Every structure is written in C-alpha cells, then in structure tokens.
Amino acid sequence: MSKLWGGRFTKQTDELVEQYTASITFDKKMAEEDIQGSLAHIAMLGRCGIVPQQDADRIKDGLLQVLALIQAGQMEYSVSDEDIHMNIEKKLIELIGPVGGKLHTGRSRNDQVATDMHLYLRKHVVQFVELLGNVQEALITQAKENIDTIIPGYTHLQRAQPILFAHHLLAYVSMFERDIERLKDSYKRINTLPLGAGALAGTTFPIDRHFVAEQLGFERIYENSLDAVSDRDFIVEFLANASLIMTHLSRLCEELVLWSSTEFQFIELDDAFCTGSSIMPQKKNPDVPELVRGKTGRVYGNLIGMLTVLKALPLAYNKDMQEDKEGMFDTVATLDGALRLFAPMIATMKVNRARMRQAVNQDFSNATDIADFLVNKGLPFRQAHEVIGKTVLYCIQKGVYLLDLSLEEFQQFSPLFDEKIYDVLQPEQVVNARNVYGGTAKPQVEAAIVRAAEALQVT
Ligand code: ARG
C-alpha cells in the first residue's frame with residue numbers, strides 16, 4: 001500500500017527523506033496512547049452519526065486487534081509510514097479493509113499527536129508522584145532511625161553547627177515535597193484535551209469534544225484550536241519539573257558520594273548499589289549516585305532543547321515540533337531509572353554513627369553556642385564573637401578542642417565563663433538549643449517527622 005497522503009504526489013519520497021523525517025523509531029512508545037485516543041475518537045464519530053455506528057464498531061474491533069498486536073510485541077513498524085499514527089492507521093486498514101479509512105474523519109495528526117503526548121505524560125506524572133513518595137518514605141525511615149544521630153552541619157563545606165542527621169535528611173523530604181506539588185499542579189494542564197482542533201482551525205464535522213474528553217478522562221479542553229495543536233508548554237513544564245527533581249537528587253548524590261568516602265566514612269552504601277574496579281581490588285565505588293548526578297545534565301539539556309525548538313516557531317504546527325518527543329522520552333526514562341533506584345539505595349544505606357560522633361567531637365561547631373553563652377551573660381554579640389574567635393585560635397595552636405580547655409583557660413579570655421560552659425558545649429545541648437519551628441532540636445525534628453509522614457499518607 002502506498003502513502004496515506006499519496007494522492008497529491010507524482011513521485012516516490014526519496015529514501016533519505018523518509019528516514020530523515022520519520023519519527024516511528026521513537027514515537028512507537030506512544031502506540032497504546034494512540035489507540036486509546038483513536039478509540040475515544042471513533043466512539044464519538046459513531047455517537048454523533050458522523051460515521052455509521054456499524055462502521056464505528058468495526059473500527060473499534062480493528063483498533064483492539066492492532067492493540068493486541070502491539071501488546072504481544074507483534075506489531076511491525078515501517079519507516080515509510082513515517083510515524084506511529086500512520087503505522088497504526090495503515091495496519092487498521094490492512095486488517096479491516098477500506099472502512100478503516102473512516103477513522104481519521106474530522107481529525108488531523110496535529111491534534112492526534114498532541115493528544116497522545118498528553119496521555120503519555122499524564123500516565124508518567126502520576127507514576128513520578130508515587131516514586132517520589134517512595135524516596136521520601138525511605139528518607140523518613142532513615143530519619144526516624146537517626147533521631148539521636150548528630151553530624152556536623154556545613155556551610156562552605158566547612159564545619160558550621162552540629163545538627164541531627166535526621167534533620168539533614170528531612171531537608172530533602174521537603175525538596176521532594178515541593179517537587180510533588182509542582183507535578184500535581186502541572187497535572188491539570190497536562191490533563192487537557194487537544195483533540196477536536198483538527199489540523200489547526202477546528203473541523204467541519206459536528207464533533208463532540210466534551211464526549212471525547214470524558215472518554216479519555218481529561219478534565220479540560222483546549223479553548224483555542226490553534227493553541228491546542230501548537231502548545232508544548234506542558235512538555236516544557238514537565239522538563240523543568242524533572243530538571244528540579246534531578247537537581248535535588250543530584251545534590252543528595254553528591255553528599256552520598258562524599259559521605260561514603262574514606263575521608264568522611266559517614267555512611268556506607270549497600271554492596272548491591274555499588275560496583276568494583278577492574279584493576280583496584282579494594283575499590284567499592286558509589287556508581288549509582290555518581291550516575292544520577294551525571295545524568296542530571298541530559299535532563300537540563302532536554303529542557304533547553306525543547307525551549308529552543310519552540311522559540312520563534314510561528315503558529316500552528318511545524319515539523320520542528322516532532323523534536324519534542326525524544327527529549328521527553330529520554331527525560332521520562334532518566335527520571336524513572338533514578339527514582340526507582342533511589343528509594344532502596346537510601347533504605348539500605350548504613351549510617352556510621354560512631355564516626356559521625358567522632359567528627360562532631362573533634363570540631364569547633366559548638367563555637368556559636370559559647371558566643372551565645374557570653375551574650376546571655378550580657379556581653380554584646382560582636383564582642384563575644386571576638387572573644388570566642390581568640391579562644392578557638394588558642395585551641396588550634398594548642399591542638400585541642402573547646403571542651404578540652406580548663407575553666408582557668410576559658411577565663412583568660414573572659415571572666416564571664418563559669419562551669420556551666422561544659423554543658424552548653426555538649427553536642428546534644430547545642431542541637432537541642434535550636435528549639436524553633438523548623439530547627440534541629442530533637443522535639444522539633446520529631447514533630448517534623450510526624451508532619452512529613454502525614455503528608456506522605458495524603459499523597
Ligand atoms: N510525527 C509527527 C510529529 O510528531 C506527527 C504530526 C505530523 N503532522 C504533520 N502535519 N506533518 O510531530
């Protein structure tokens with residue numbers, strides 16, 4: 001059979017042109033969505049009397065046969081049929097005869113492809129919300145198990161103030177919560193029906209777009225036919241949301257890589273999530289977090305790529321828009337892979353509490369608290385800062401930490417010091433002193449865990 005659009009042409013398409021313009025090699029990913037859209041369309045054509053009901057029924061049966069072939073992996077695709085839409089239509093006609101040609105009544109590939117992509121993304125966004133929830137759950141479980149584990153908190157990657165490890169993990173739970181919120185918000189825009197826009201201007205047939213929307217579970221219908229076939233905002237938005245999710249994952253990955261180094265030894269990733277070196281027998285490499293960190297780049301690239309395709313495109317459909325798919329598919333696959341690995345990787349991660357404690361005991365991250373101690377005794381903060389700066393310098397020169405100093409030594413720097421300073425300097429004390437909403441004190445973190453777990457139930 002020749003091209004579905006062959007009538008206007010007197011020559012065969014150049015073979016290189018066929019290969020260059022075809023999208024079937026990648027858009028076959030939307031085969032099931034394409035059938036889903038066609039089933040709703042033909043149901044509407046039958047119901048509205050645009051196609052006799054009997055023909056609509058035969059087309060429905062034919063589409064279900066094609067679906068069965070697709071699901072059995074027996075559908076053969078051909079580059080000369082360009083894309084998924086024409087491959088399926090051609091197969092339909094092959095199976096049920098010329099009546100199959102009635103399916104495309106009142107429809108264009110332009111509103112068809114947009115509909116397929118909305119259906120495809122809708123399915124995946126729902127999955128991503130769930131997968132992000134699993135990552136949050138793994139983090140919350142680790143947080144619960146580490147409600148008494150103190151680590152140095154960092155700024156500039158320099159020891160700053162001690163914090164609960166649980167508090168650190170919950171920071172990521174909050175980031176993923178915003179990611180979930182963003183995906184959910186984008187859902188209403190994804191869940192909008194383009195079908196019925198025709199090629200660009202609508203159709204001469206008395207179609208019922210609301211019926212199609214209802215059949216496909218779309219909450220809304222595109223208001224404007226030109227916009228319906230030209231809009232790829234929903235893909236840009238998804239790629240932007242995916243980019244932020246990857247940013248968050250990548251920041252955590254960086255910390256996992258650092259923490260599992262010999263220099264830190266704060267955590268150990270499970271053997272099942274690491275790989276070895278082909279030459280150095282001692283190596284256990286954190287390949288998974290490294291690769292997630294690395295793959296973040298391609299997701300950003302896909303976002304910039306899509307924005308660039310759209311920039312300056314005149315209305316309505318242009319073939320440029322076929323470039324919307326590979327970046328989206330790649331992003332879906334990249335995000336899916338990362339999120340599926342992340343939850344079990346976090347859940348099986350071992351926390352080296354002894355090593356964390358050792359780190360906290362051997363630093364000056366309690367220095368702010370002695371400054372605050374002097375402030376509570378009436379010294380202006382700026383002066384207290386200066387006094388403690390000198391005290392820390394003295395310790396560094398002597399090769400000791402603040403808790404190693406005698407009271408006499410403390411008093412050389414300020415007569416305001418007394419015995420109580422030794423309590424104030426204890427890491428638990430330092431942590432629990434930050435007893436403000438959102439702070440690292442144990443009761444605050446316990447409450448935050450409860451809130452995060454509750455939010456997870458709602459999700
Ligand atoms: N494969 C095409 C795409 O992905 C489908 C739409 C084709 N429409 C057209 N007018 N050539 O963009």
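The values are calculated or read from the model by the stated rules, or taken from the named source; none is laboratory data. All figures in this text were calculated on a predicted structure; none of them were measured in a lab. FYI the Cβ positions are ideal-geometry reconstructions off the backbone, even for glycines, and counts take in every protein chain you see.
Against the criterion of being under 30 Å from TYR20 (Cα atoms) and either in contact with a strand residue (DSSP E or B) (Cβ under 8 Å, 6 or more places away or on another chain) or within 16 Å of the ligand (Cβ to nearest atom) (or both), ASP270 does not qualify.
Residues checked against (1) in the same structural domain as PHE234 (by TED's automatic domain parsing); (2) away from the ligand (no atom under 16 Å from the Cβ); (3) over 15 Å from the mean Cα position of the chain (by Cα):
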| residue | (1), (2), (3) |
| --- | --- |
| ARG298 | yes, yes, no |
| PRO314 | yes, no, yes |
| ASN318 | yes, no, yes |
| THR331 | yes, yes, no |
| ILE346 | yes, yes, yes |
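When residues in segment 388-418 are screened for being among the aliphatic types (A, V, I, L, M) and farther than 21 Å from GLN429 by Cα, 2 of them pass.
In segment 33-70, what residues are within 16 Å of the ligand (Cβ to nearest atom) and acidic (Asp, Glu)? Those that are within 16 Å of the ligand (Cβ to nearest atom) and acidic (Asp, Glu): GLU33, ASP34.
When you check GLN429 against the structure, is it touching a residue at least 40 places away in the same chain (Cβ under 8 Å), more than 35 Å from the chain's Cα centre (by Cα) and within 30 Å of CYS395 (Cα to Cα), yes or no? Against the criterion (touching a residue at least 40 places away in the same chain (Cβ under 8 Å), more than 35 Å from the chain's Cα centre (by Cα) and within 30 Å of CYS395 (Cα to Cα)), GLN429 qualifies.
For segment 307-338, the set of residues classified as within 23 Å of GLU82 (Cα to Cα), aliphatic (A, V, I, L, M) and in a loop (DSSP other than H, G, I, E, B) consists of LEU313, LEU315, ALA316, listed by residue number. Being surrounded by 16 or more Cβ atoms within 10 Å (Cβ to Cβ) and hydrophobic (A, V, I, L, M, F, W, C) is the filter here, so list the residues in segment 57-68 that pass it. Selection gives ILE59, LEU63, VAL66, LEU67. Does segment 71-79 contain at least one residue that is within 14 Å of the ligand (Cβ to nearest atom), within 32 Å of the chain's Cα centre (by Cα) and buried (at least 22 other Cβ atoms within 10 Å of the Cβ)? For segment 71-79, residues within 14 Å of the ligand (Cβ to nearest atom), within 32 Å of the chain's Cα centre (by Cα) and buried (at least 22 other Cβ atoms within 10 Å of the Cβ): absent.
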